[in-house]
Amino acid sequence: MLRRLEEAEVDVIVRNLGDAALEWCVVSPPYDERYVVVLPPGHRLEARDALRIDDLGGEPYLVRWLAAAAWRARER
């Protein structure tokens with residue numbers, strides 16, 4: 001993917017680069033957002049003040065972009 005950017009095949013890459021950013025890359029976070037976990041009343045984790053990602057193992061969840069697409073489709 002970075003090769004395609006360097007060779008001007010693409011103009012923008014949106015992804016988590018980790019340590020893959022090269023010196024010639026201009027890296028700019030598109031947003032600064034604090035993630036939250038939303039739980040229904042009575043959920044086994046509702047009394048916790050903080051959660052680790054491991055605490056959510058095995059829980060069903062909505063993928064953010066998929067949930068947004070479903071919401072937009074509902075509004076049509």
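Quick note: the coordinates plus some simple rules give every number you see, no bench work behind them. Bear in mind the structure is a predicted one, so any value in this text is a computation, not a measurement. With ideal geometry, Cβ positions are generated from the backbone for all residues, glycine too; neighbour counts draw on all protein chains shown.
Structure notes:
- Based on DSSP H segments of at least four residues, each scored -39500 (n - 2.57), the chain has a per-residue ellipticity at 222 nm of -6000 deg cm²/dmol.
- From the coordinates shown, Cα Rg over 2.2 N^0.38 Å corresponds to which of (i) 1.51; (ii) 1.05; (iii) 1.59: (iii)
- Folded to 0 to 90 degrees: helix 64-75 orientation relative to the chain principal axis, Cα: 70 degrees
- Loop sites in the stretch 36-66: trypsin sites (Lys or Arg not before Pro), DSSP, at most 16 other Cβ within 10 Å: 44, 48, 52
- This model, with +1 at the C-beta of Lys and Arg and -1 at the C-beta of Asp and Glu, gives the chain a dipole about its Cα centre of some 480 debye.
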